[in-house]
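A.B. asks: Quick one: structure below, then a few questions.
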Amino acid sequence: MTIAQDGTHLDGIRPGVDTGSRAPVTLTMAAALNLALADALTDDPEVVVFGEDVGALGGVFRVTDGLTARFGEDRCFDTPLAESGIVGTAVGMAMNGMRPVVEMQFDAFALPAFEQVVSHVAKYGNRTRGGVRMPLVIRIPFGGGIGGVEHHCDSSEAYYAHTPGLTVVCPSTPQDAYSLLRAAIESPDPVVFLEPKKLYWTRGQVDTAHRADLGSARVARTGTDVTLLAYGAAVPLALEAAEAAAADGRSVEVVDVRSLSPFDDATVTAAVRATGRAVVIAEAPGYASVASEIQSRVFERCFEHLEAPVRKVTGFDIPYAPPKLEHWYLPDVDRVLDAIDTLHWEDES
């Protein structure tokens, strides 16, 4: 995504102008995130954006492209290569009434800041009995599918979802990228915002008037035979698998979990109870994972409605594979269809 000298995107969007009355437009996920940041910077003078290379470069994935030129170095600026310092600075800003939005360049790069996240970001509101809130957003590009080397393709969502005090969300469409990020920035409490790197260049329609609930799941496709539960880059995979299964006569529902914490038990439970079968899909290793938690919650709440055990299709319990081998590591359509085939179908007994 490139921005002309007058601040207008070459795809026709001028960030931050008349944010409530635009017609829906088609954008990449990266452009939708950029637009959400620009609109937030325009609407609220307390919003600031910072991180490694987010200024003149526009971020590794160009999500912050043009924001420094438009809003100035006081609102969007580069930091030293010190993730703990980035998040610690954001904590101080949030304590004093600002709304910082920080970028961790890659998922594993955020780990040096993990102590700040767990000890301060997640706990400060509770520690002060609500007297000091933490209205900050930590944006983290995560997951594989881009041919990256180690430390660039991790899926560390379980660490954050396991930490009380954090809201953890993950969009799978440009619309949700825009709507969830706007809601995250407006939240009075901290949000870890996971951005699937594989989906940055996917395109979809974005209505800037739409607002999303940070704690809600989304039914992406209706079906009657089996429910696929997914988030992030696994959602398009689930939709692709649903299309393939339809050719075999299976009616497959797809639920985009999108909010890992808090979790939308009501939507997920209703979907699985209606179909009686479920498969959970995620890129991260399966052991002690978000996928395992979803699987457990479905078992507990839907046991009497299930026709078969709840399956999960995940990454393997190994360090992330090197670029030439990542296609063997990541879940694919065949693995999802294989899982669906094990769900005790009467026509195959």
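The values are calculated or read from the model by the stated rules, or taken from the named source; none is laboratory data. Computed from a predicted structure; not experimentally measured. Backbone-built Cβ (ideal geometry, glycine too); neighbour counts: all protein chains shown. Ligands, DNA and RNA are stripped out before the accessible areas are found, and what is left, the full protein with its side chains, is counted by its heavy atoms. Shrake-Rupley method; radii C 1.70, N 1.55, O 1.52, S 1.80 Å.
A.B. asks: Which distance in nm do the two modelled labels at A69 and Q205 give, with both placed 7 Å along the Cα-to-Cβ direction?
C.D. replies: About 3.0 nm, to one decimal.
A.B. asks: Where is the GNM fluctuation largest for the chain (alpha-carbon springs, 10 angstrom cutoff): V192, V333, V206?
C.D. replies: V333
A.B. asks: So for the pair L325, A274, with labels modelled 7 Å out along Cα→Cβ, what separation do we get in nm?
C.D. replies: A separation of 4.2 nm, rounded to one decimal place.
A.B. asks: So which residue, out of D225, D317, D256, gets the largest mean-square fluctuation from a GNM of the chain using Cα contacts under 10 Å as springs?
C.D. replies: Highest fluctuation of the listed residues: D317.
A.B. asks: Between A245, A291, A278, which gets the highest mean-square fluctuation from a Gaussian network model of the chain, Cα cutoff 10 Å?
C.D. replies: Judging by the Gaussian network model, the answer is A245.
A.B. asks: Would you mind calculating the relative contact order of the stretch 158-258 from Cα pairs under 8 angstrom and at least 6 residues apart, reporting the percent as a whole number?
C.D. replies: Details: 167 pairs, mean separation 29.8, N = 101.
Relative contact order here is 30 percent.
A.B. asks: Sequence gap at least 6, Cα distance under 8 Å: using those rules, report the relative contact order of the stretch 290-349 to the nearest whole percent. Intermediate results must be reported in sequence, preceding the final value.
C.D. replies: Numbers: 28 pairs, mean separation 20.4, N = 60.
Reported relative contact order: 34 percent.
A.B. asks: I'd like the FRET efficiency for H151 and D213, computed as 1/(1 + (r/R0)^6) with the beta carbon distance as r and R0 of 35 Å, rounded to 0.05. Walk me through the intermediate numbers first.
C.D. replies: Working: r = 33 Å, r/R0 = 0.95.
Using R0 = 35 Å, I get an efficiency of 0.60.
A.B. asks: Another question about this same structure. Between L57 and R129, how high is the FRET efficiency from 1/(1 + (r/R0)^6) when r is the Cβ-Cβ distance and R₀ = 56 Å? Nearest 0.05.
C.D. replies: Computed FRET efficiency for L57 and R129: 0.85.
A.B. asks: Ok, one more. Give me the 1.4 Å probe accessible area per residue for the stretch 209-300, excluding ligands and nucleic acids, in Å².
C.D. replies: Result: 36 Å² of accessible area for each residue.
A.B. asks: Counting each DSSP H run of 4 or more residues in the chain as -39500 (n - 2.57), what helix-only mean residue ellipticity at 222 nm follows after dividing by all residues, to the nearest 500 deg cm²/dmol?
C.D. replies: Numbers: 11 runs with 105 residues, N = 349.
Roughly -8500 deg cm²/dmol at 222 nm, from the helical runs in the chain.
A.B. asks: K198: which lysines have alpha carbons under 23 Å from its alpha carbon, excluding same-chain residues fewer than 8 sequence positions away?
C.D. replies: Leaving aside lysines fewer than 8 places away in the same chain, those within reach of K198 are K312, K324.
A.B. asks: Just want to confirm a number: the relative contact order over the chain, from Cα pairs under 8 angstrom separated by 6+ residues, in percent.
C.D. replies: 15
A.B. asks: Also, quick follow-up: How many percent of the alpha carbon pairs in the chain exceed a separation of 34 Å?
C.D. replies: Of all Cα-Cα distances in the chain, 25 percent exceed 34 Å.
A.B. asks: Less than 12 Å apart at the alpha-carbon level, and either on another chain or at least 8 residues along: which aspartates and glutamates does that give for K123?
C.D. replies: E115, D189
A.B. asks: Give me the percent of accessible area attributable to carbon and sulfur for the stretch 117-248, probe 1.4 angstrom.
C.D. replies: Within the stretch 117-248, the accessible surface is 50 percent carbon and sulfur.
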